[in-house]
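Following: one structure in structure tokens, then a few remarks.
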Amino acid sequence: MKVVLENLSGVSWSSGPAIVLGTFAFVLGAAVSEEILFRGLVQGWLARLLGRSVVSVVSAIVVTSALWALIHMFNTTSASWKLAQIFLIGLALGELARRYSVEASICAHVTLNVTVTVIGLAT
């Protein structure tokens, strides 16, 4: 990725403010697109497909969270326990989207990603 970024307009993206801005743009874009896709489209579609009962709504959130956790399988080295954590976060994001809006789950996801990124960059 470093090579690709360095070749864009001859700008060095491998250090300084550019890497920070690039990282945060990626973090924000991932959170927004994942929430729109998973909580907005998939969870919404499953909820309509399965019906309005409590079991149906919970099932839509659980299935969506499982799918969301699976796409993160490649981002982690300790797959089993980290996937469990990601799944639980997915449940919380799903409930936020159901109870309030997809915008609420986007805000929570962005906050989580920014926090994890800042901690990662600081260490």
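General remarks:
- Fewest-first ranking of S105, S53, using other Cβ atoms within 10 Å as the exposure measure: S53, S105
- Inter-label distance, nm, simple model (7 Å from Cα along the C-beta direction), I119/S33: 2.5 nm
- At most 15 other Cβ within 10 Å, DSSP loop - trypsin sites (Lys or Arg not before Pro), segment 48-123: R52
- Additional length obtainable on full extension of the chain from A18 to V62, 0.36 nm per residue less Cα span: 12.1 nm
- Ranked L96, L49, L112, criterion: other C-beta atoms within 10 Å, fewest first: L49, L112, L96
- Debye-sum result for segment 30-122 in log10 I(q)/I(0), which assumes one identical scatterer on each alpha carbon, at q = 0.18 Å⁻¹: -0.77
Just so you know, all these numbers are worked out from the coordinates, no wet-lab data involved. All figures in this text were calculated on a predicted structure; none of them were measured in a lab. Every residue, glycine as well, gets a Cβ built from its backbone with ideal geometry; the counts of neighbours run over all protein chains shown.
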